[in-house]
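Structure first, then comments.
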Amino acid sequence: MEIDRDPTAIDRWLHLPAAGLMRLSTIPVEYLDAPLRIDGHTYDMRSCLEHTVTIEELSYGDAGFMLACPGPLMSGVAVDALGDDKQRHAYYEQLSRPEATWTFFGLTEPAKGSAATELETALTPDGDGFRLSGAKRYVGNAAFARLGVVFCRRAPGPLGIEAVLVDTRDPGFRAELIPTVGMRGARISAITLDGVRIEREQVLGYDTLRPSRRGLVGAIRTLQRFRPVLAGTALGLTRAVLDHVRRERPALTGTARDRLEDLRDRLEATRRQNYDIASAIDAGKVRSDRIAGVKTRAAELAERATLAAADLLGPASLLEDPWLGKLYRDARAFEFMEGTGHIQRLAVFQGVAKHTFLA
């Protein structure tokens, strides 16, 4: 609850094991002095399934707290997908230092939303490097980050999109918090880029990848890799809400009990599907329509669970129980995170039209 009241309060809780786990998540083990090992297995969460399960469990406690923690999160996936060896080393060497380092993933722009191909943030030549100018919006942790990945346009068309590593200390970079009703731990921010100097080595994959394999490809790969993780976040919150209702109303009967059990059945079915999709991603079998479907279903389930809780416990419960009120607000964020529901439903429709979604 403290993070919900004051998102900057995460600094006082970085000693907790959960914060340490998030800080080191997806960092390659060669950069870690003491990676997490249990029964001979090293847990670095570079596996999508491992990452998804871990985030779901942490979100059962508090999704906002988890999102407020330092660590690579989405920017690390973009660096892995596009960066060369030197770029990956520089990125992970920074994140593996003892001090906490927040990162950000800058894709969404004002008035553009999820339309990644309509980017207007410009990367223009300047001597032997570039200048980055434009704006990003709804970016998690940007106001507190040390570095991040920004998607921008170097030339017209989809092949003109690039991804660049940005140090937030550089002149011309400015980020500020956007007030939000829910999921305050995500610390959603607005970014202004006013001629930020970008060296050639900051353009991910510039010397090693063809334009067709840079930029937009990294954005798509990152979103596909992270959507099961986001679905896990929503499912962790859903499970917490349903367990709370069961504790508060253990003697539910009739249609009220049936409603709760139906939600629990849907939760378990969606969890299994999400794990299957995460496993498929680990095996290199990326199905964008199914990824979109499970993300949409998980987001809807979180909203339905909180609506049911308010109904079964009484509308006053949202005021009398601050924790439940927080989850009610937080659940509304999933619709907009990593692609809105409309974008996801379009992907599902395309899969149905091609007879691949149910295959």
Query raised in the report: If we count other beta carbons within 10 Å of each Cβ, what is the order of Thr270, Thr222, Thr340, Thr253, fewest first?
Result: Thr253, Thr340, Thr270, Thr222
Query raised in the report: Under a Cβ-Cβ cut-off of 10 Å, what is the net charge of the residues other than Pro211 that fall near it, where Lys and Arg count +1 and Asp and Glu count -1?
Result: +3
**Report entry** Equivalent-ellipsoid semi-axes of the stretch 1-78, from the Cα gyration tensor, Å, largest first
**Finding:** 22, 13, 12
**Report entry** Computed over the chain, Kirkwood Rh from alpha-carbon pairs, angstrom
**Finding:** 21.1 Å
Requested in this report: Take every DSSP beta bridge with both residues inside the chain and express the antiparallel ones as a percent of the total, to the nearest 5.
Outcome: 85 percent
Query - Across Lys295/Lys326; Lys86/Lys136; Lys326/Lys354, pairs whose alpha-carbon gap is larger than 30 Å - result: Lys326/Lys354
Query raised in the report: Given His15, Gly284, Thr180, which one lies farthest toward the positive end of the charge dipole of the chain, if we put +1 on the Cβ of every Lys and Arg and -1 on the Cβ of every Asp and Glu?
Result: Gly284
Report task. Under a cut-off of 20 Å between alpha-carbon atoms, report the aspartates and glutamates in cross-link reach of Lys112, not counting same-chain residues fewer than 8 places apart. Result -> Glu120, Glu162, Glu176, Asp194, Glu335, Glu338
Report task. Amide H neighbours of Leu36 under 5 Å, at least 5 residues apart or on other chains, H built in the peptide plane: list them. Result -> Tyr43
Query raised in the report: Which ordering of Arg225, Arg200, Arg249 is given by a fewest-first count of other beta-carbon atoms within 10 Å?
Result: Arg200, Arg249, Arg225
Query raised in the report: Toward the positive end of the charge dipole of the chain, about the Cα centre and with charges on Cβ (Lys, Arg +1; Asp, Glu -1), which of Ala299, Tyr60, Ala331 goes farthest?
Result: Ala299
Query raised in the report: Where does the Debye-calculated log10 I(q)/I(0) of the stretch 183-228 sit at q = 0.21 Å⁻¹, using only Cα point scatterers of equal weight, no solvent?
Result: -0.97
Query - the stretch 340-354 - phi-based ³J(HN,Hα) in whole Hz, Karplus 6.51/-1.76/1.60, Gly and Pro as x - result: 5, x, 5, 5, 5, 5, 5, 5, 5, 4, 4, x, 5, 5, 8
Query raised in the report: Which values of log₁₀ I(q)/I(0), to two decimal places, follow from the Debye formula for the stretch 22-126 at q = 0.12, 0.21, 0.24 Å⁻¹ with a uniform point scatterer at every Cα?
Result: -0.51, -1.24, -1.39
Query raised in the report: Where does the Debye-calculated log10 I(q)/I(0) of the stretch 216-353 sit at q = 0.17 Å⁻¹, using only Cα point scatterers of equal weight, no solvent?
Result: -0.88
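We did not get these values from a lab; they are worked out from the coordinates using the rules stated. Values in this document were obtained by computation on a predicted structure and should not be read as measured data. As a convention, Cβ positions derive from the backbone with ideal geometry for all residues, glycine included, and neighbour counts pool all protein chains shown.
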